[in-house]
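Just so it is clear, none of the values below were taken in a lab; they were calculated from the coordinates. Remember, it's a predicted structure, so these values are computed and weren't measured experimentally. Ideal geometry is used to build each Cβ from the backbone, glycine not excepted, and the neighbour counts take in all protein chains shown.
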Amino acid sequence: MQRAMRGLGIDINAATAVVMISTVLITCYNLGYSTITGLIDKYYSASVRINSEDTLFRDFFIWLSEEQAADLDLSRVLNARKVASDPSSLDNSGNGGHLNEELYGGRYRPRGKQVYRVQYLPAAGSRYFLDFRGRKIRIVMEEIKDNVMVHSMPQRKIVWLRSYGRNPAVLKELLEEVLRKSNTRDQGKTIVYHASTSPRGMPPRWERALSRPNRSMETVVLEREQKELIVRDIEEYILPATAKWYANRGLPYRRGYLLHGPPGTGKTSLSIALAGLFNLEVYALSLSAGSLTDDTLATLFTLLPSRCIVLLEDVDASNVKRTPDTPTDPSLFSIAKPNVSFSGLLNAIDGAASREGRILIMTTNHRERLDPALIRPGRVDLQISFKCASRDVIESLFLNLYDVDIGEREALRMPEGFPSVDKISELAREFGLVLPEGVFTPAEIQGLLLMHKKDPVAAVGAAEAWARVKCFLMSMGLRLVGVKEQ
């Protein structure tokens with residue numbers, strides 16, 4: 001090596017000195033840069049931290065990918081993932097445009113496959129800048145390493161937003177913009193959250209599960225008196241004056257409802273429709289979840305917002321019941337399997353630490369199986385009974401399915417000669433006379449109607465034979481719901 005360098009006319013000592021000096025300069029530069037940037041970050045910057053367990057984390061990255069992706073000075077290290085596109089955003093018609101259709105047989109026909117797009121997000125350890133209202137904001141993503149690793153669960157993350165200058169106003173404006181976009185995106189939709197109780201040591205939390213267009217109360221199949229009763233009750237409960245009235249009298253500001261009746265009668269549908277009517281989020285919880293305990297249940301209830309609907313479905317099937325540990329002490333509570341105890345459930349619902357302002361809706365197929373302590377006044381303030389369809393309900397189901405306007409007839413490609421509005425009303429009355437009252441659930445009747453969703457005359461004609469088959473099956477102890485019965 002030395003001979004080669006001499007042959008090239010390179011002074012070994014000088015080259016060594018250059019390398020050493022360069023190394024020292026680079027080291028000093030890195031140390032100086034880190035020191036200076038650290039001092040600037042510490043004394044001349046404002047920062048905001050967002051944890052991935054907060055819903056604002058999701059809202060921020062949706063805003064980032066939709067609003068700022070083209071303008072970002074991105075890092076060379078990114079995470080890419082496939083996300084479903086919203087079909088209504090593909091064109092102005094709201095039907096997804098040609099991306100959801102394919103040319104077949106000389107005409108465009110609907111495609112059932114979901115359309116996807118690529119979403120880019122910063123990887124852990126990456127950092128980049130974005131311009132927001134003339135200010136540079138640095139984004140840094142960090143990943144939290146847990147002591148307990150479960151490969152099927154995502155790692156928790158933290159994103160730091162930092163602006164230069166001691167005034168955090170621009171960061172607050174950014175987050176306000178993110179929240180405004182999120183509220184606009186969710187306008188007219190019902191948001192449903194599910195409980196997450198990870199067994200790997202992470203605290204329980206509520207995770208956004210889905211959003212769906214608000215369901216009209218007109219589509220809920222229930223006796224009008226019962227429907228109006230619960231709507232008026234909730235309407236009065238959420239008034240600001242009501243909260244003050246409760247407080248002045250020392251009453252806990254909570255409201256509970258029990259929806260009971262056979263499966264398929266519309267209990268969950270009513271809960272979702274009520275949430276849409278009053279612009280409330282739904283927090284759905286299953287008491288039979290294996291990782292749910294008294295402590296996690298109490299924590300989840302403390303994490304609820306002050307205005308929301310808590311939906312406990314099928315509480316009779318959750319195995320949460322009062323069982324004496326010993327024959328001589330019936331006041332003790334236990335459970336058939338290690339899960340939520342009965343006393344733990346009661347404490348979560350209306351214990352000293354239970355949050356006020358929420359609306360609790362419990363559903364059950366078997367009210368008689370519930371312990372009286374669970375549904376006593378104060379825990380359950382109003383009970384709504386769902387029964388098999390009456391004649392009014394049968395007619396309402398028929399009208400709800402076939403009462404379509406001109407635009408819907410064209411979009412759904414209804415056949416020529418589809419009955420007029422007056423004829424539909426006449427067919428609904430005839431349909432209500434063919435089917436017996438109090439025998440079939442709304443879900444069963446809806447299954448019959450969906451078999452003839454474009455031919456109301458055929459639905460009326462098939463109703464009598466369908467009812468005979470159903471009654472025969474019921475006499476044999478069978479009750480099938482679906483389109484394969486006929």
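Principal semi-axes of the equivalent ellipsoid, √(5λ) from the alpha carbon gyration tensor of the range 391-475, are 24, 12, 11 Å from largest down.
With each label modelled as a point 7 angstrom along the Cα→C-beta vector, the Phe472-Glu408 pair spans 3.4 nm. Here each label is just a point 7 Å from Cα along the line to Cβ, and for Asp295 and His366 those points are 3.2 nm apart.
Please work out the FRET efficiency for the pair Ser390 and Asp350, using the Cβ-Cβ distance as r and a Förster radius of 51 Å; give the result to the nearest 0.05. Result of the calculation: an efficiency of 0.90. The calculated FRET efficiency for Arg135 paired with Arg208, based on their beta-carbon distance and R0 = 30 Å, is about 0.50.
Solvent-free Debye calculation, one equal scatterer per alpha-carbon of the range 256-296: log10 I(q)/I(0) at 0.19, 0.23, 0.26, 0.27 Å⁻¹ equals -0.77, -0.92, -0.98, -1.00.
Taking the DSSP bridge list for the range 205-385 and keeping only pairs wholly inside it, about 5 percent are antiparallel. Inter-label distance, Asp186 to Tyr253: 2.0 nm, where each label sits 7 Å from its Cα along the C-beta direction.
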